[in-house]
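Shown next, in structure tokens, is the structure this report addresses.
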Amino acid sequence: MKKYLVLGLAVVLLGVMGARVWYVRSACGGRAAPAELAQWLENPDMNVFEIGDKSFYVQEAIGSQGITLAYPKPLKGDFRLKFDLMSLTSEAEIRLRFGKENGVYETEMKFSAKTSKLKFYKNKTLVLEKDAAQIQPDVFYNFLLRREGRFFSFAVDNQEVLRAETDDLPVAVRLSVTGFPDNPAAVEIMDWDLQN
């Protein structure tokens, strides 16, 4: 009987230690599992999603306002957010928002089979607009969002497409993907990795 009691206690302690390690890793950033991404979905009832072993699939439902993943914790100081994203639709808008109250910065990448445009906003005012990397459906692209000191940069497949000066404020990070009424957005995300 003592043997089973000790074994049971050991299992409980291992479970508590594992949960604590998971909590510390989540609180400090690092690689997020697909199940964690599902927890960051805003309005999950308006999206269809599937959690895989290595990837997270999500599609906006008819009548939704798009797909939004909101990282649950403000980021302070320098950070580096990297993830792979594949669009399963030929046209969509990808927005990466990072900001707090009045200091909201936003990158918007509109892509279609013909053209891609990148726009950078500060407080909803267009600061920069340029042609962006061509995004094709059914291909994984690596996205990298980085802040170093007062500078923010955004890269697609190791090609820097945007560099701008920003305020050094704690920021909330949100990834939004929006399709079109007759072509709802669907994406697959892998290897979400945050270093802060």
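The values are calculated or read from the model by the stated rules, or taken from the named source; none is laboratory data. Keep in mind that what you see is a predicted model, and the values were worked out from it rather than measured. When we count neighbours, we look across all protein chains shown, and the Cβ atoms used for this are built from the backbone with ideal geometry, even at glycine.
So for region 44-52 (the condition being in a strand (DSSP E or B), surrounded by fewer than 19 Cβ atoms within 10 Å (Cβ to Cβ), among the charged types (D, E, K, R) and free of Cβ contacts under 8 Å to residues at least 60 places away in the same chain), does at least one residue qualify? Taking every residue of region 44-52 in turn, at least one turns out to be in a strand (DSSP E or B), surrounded by fewer than 19 Cβ atoms within 10 Å (Cβ to Cβ), among the charged types (D, E, K, R) and free of Cβ contacts under 8 Å to residues at least 60 places away in the same chain. Confirm whether ASP167 is among the charged types (D, E, K, R) and over 18 Å from the mean Cα position of the chain (by Cα). Yes, satisfied. Going by what's in this entry, would ILE67 be described as at pLDDT below 80 and either on the phi < 0 side of the Ramachandran plot or crowded, with 16+ Cβ neighbours inside 10 Å (or both)? No.
Do the conditions hold for PHE151, that is, is it closer than 16 Å to ARG97 by Cβ and modelled with pLDDT of 85 or more? Before the answer, list the steps.
On the way: closer than 16 Å to ARG97 by Cβ: no; modelled with pLDDT of 85 or more: yes.
Considered against the rule, which asks whether it is closer than 16 Å to ARG97 by Cβ and modelled with pLDDT of 85 or more, PHE151 comes out as no.
Of all residues in region 71-80, those that are modelled with pLDDT of 90 or more and in a strand (DSSP E or B) total 2. From the list ARG163, ARG146, exactly one residue is surrounded by 15 or more Cβ atoms within 10 Å (Cβ to Cβ) and of a type in the set (D, E, K, R). Which is it? Just a single option satisfies the conditions, and that option is ARG146.
Looking at region 186-196, is at least one residue surrounded by fewer than 19 Cβ atoms within 10 Å (Cβ to Cβ), closer than 21 Å to LYS119 by Cα and either touching an Asp or Glu at 6+ places or on another chain (Cβ under 9 Å) or in contact (Cβ under 8 Å) with a residue 60 or more places away in the chain (or both)? No, region 186-196 has no match at all.
For region 149-196, taking the residues that are assigned to a strand (DSSP E or B) and charged (D, E, K, R), the one that is farthest from ALA32 (Cα to Cα) is identified as GLU165. Within region 149-169, residues that are within 12 Å of ASP78 (Cα to Cα) reach partners that are modelled with pLDDT of 80 or more and not in a strand (DSSP E or B) with beta carbons closer than 8 Å, at six or more positions or on different chains, in the pairs GLY149/ASP78; THR166/ARG150; ASP167/ARG150; ASP168/GLY77; ASP168/GLY149; ASP168/ARG150.
Scanning for something at pLDDT below 85, more than 16 Å from MET190 (Cα to Cα) and exposed (fewer than 10 other Cβ atoms within 10 Å of the Cβ), does region 81-102 turn up at least one residue? Yes - at least one qualifying residue is present in region 81-102.
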